[in-house]
1. Every residue in the stretch 14-48 that is within 16 Å of Val157 (Cβ to Cβ) and among the β-branched types (Val, Ile, Thr), please.
2. Asn47 is checked against (1) buried (at least 16 other Cβ atoms within 10 Å of the Cβ); (2) closer than 17 Å to Met136 by Cα; (3) modelled with pLDDT under 90 and fails just one. What number does that condition carry?
3. So which residues in the stretch 123-152 are more than 14 Å from the chain's Cα centre (by Cα) and either closer than 18 Å to Ala71 by Cβ or hydrophobic (A, V, I, L, M, F, W, C) (or both)?
4. Could you grab me the full set of residues in the stretch 58-84 that are touching a residue at least 24 places away in the same chain (Cβ under 8 Å), in a helix (DSSP H, G or I) and out of contact with any Lys or Arg (no Cβ under 9 Å at 6 or more places or on another chain)?
5. Scan (1) in contact with a Cys (Cβ under 6 Å, 6 or more places away or on another chain); (2) among the hydrophobic types (A, V, I, L, M, F, W, C); (3) surrounded by fewer than 16 Cβ atoms within 10 Å (Cβ to Cβ) for the single condition Leu112 breaks and write down its number.
6. Restricting to the stretch 83-100, what's the tally of residues that are farther than 13 Å from Ile118 by Cα and in contact with a Ser or Thr (Cβ under 8 Å, 6 or more places away or on another chain)?
7. Within the stretch 103-160, which residues are without any contact (Cβ under 8 Å) to a residue 40 or more places away in the chain, of a type in the set (Val, Ile, Thr) and assigned to a helix (DSSP H, G or I)?
8. I'm trying to understand the selection: among the residues of the stretch 16-57, which are in a helix (DSSP H, G or I) and charged (D, E, K, R)?
Amino acid sequence: MQSLYASLEKLYTLFSSDPVAQTVGLIALIVGLNAFLQKSDHLLKRNLSVYTLLMGIQFLMLDLWASALAAWLGTFRTYISMRTRNSKVMWSLIAVVILFALPTVRSLTELLPIIGNILGTWAMFKEHGLRMRALMFIGTLCWLSHNVLVGSIGGTVIEALFLAVNARTMYGLMRLEVNQAN
């Protein structure tokens, strides 16, 4: 019981330190969960665009510039990937992340969203279905680690839930592929 109380107290402290930023993160949680419930690649990408936009706002409010830039570049990347799968566009977006977000990194923790962004960019432009979601799963692990380390409540909860929901959707897609093969 004391452990639960200590955990709730820590959550309260994090939330009360910047309630507006944490609320933005919690709103992003709802949008992001809806994204990973989608079996349609297009709907997944559309909802992820809104989610990363909101997370970028939260990171900016928490004074995490590299994380905010990586999130917003993810928003742009996801939106563009709904329009084209051109390799030159993909490599240009990866270069932009490296050129703009990397110089703002102040700690190793802030490298994690950049790695997650690059994995997501590759997934969005070069993969589809299960392979796209598998790379996104690894990118989500990067973002989850980052959010735990910087104390983003909504970001931590959502990335953990993304892992679970994405794994569930991947399992459903695998079963669908097996059933179609038989």
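1. Once the filter is applied, which keeps residues that are within 16 Å of Val157 (Cβ to Cβ) and among the β-branched types (Val, Ile, Thr), the stretch 14-48 yields Thr23, Val24, Ile27, Ile30, Val31.
2. (3)
3. Phe125, Leu130, Leu149, Val150, Gly151
4. Correct list: Gln58, Phe59, Met61, Ser67, Leu69, Ala70, Ala71, Leu73, Gly74, Thr75, Arg77.
5. (3)
6. Number satisfying all stated conditions: 0.
7. Those that are without any contact (Cβ under 8 Å) to a residue 40 or more places away in the chain, of a type in the set (Val, Ile, Thr) and assigned to a helix (DSSP H, G or I): Thr104, Ile115, Ile118, Ile138, Thr140, Val148, Thr156.
8. Residues of the stretch 16-57 that are in a helix (DSSP H, G or I), as a first pass: 16-17, 19-36, 41-57.
Selection gives Asp41, Lys45, Arg46.
The values are calculated or read from the model by the stated rules, or taken from the named source; none is laboratory data. Predicted, not measured: the structure shown is a model, and the values here were computed from it. For neighbour counting, all protein chains shown are included, and Cβ atoms are generated from backbone atoms with ideal geometry for every residue, glycine included.
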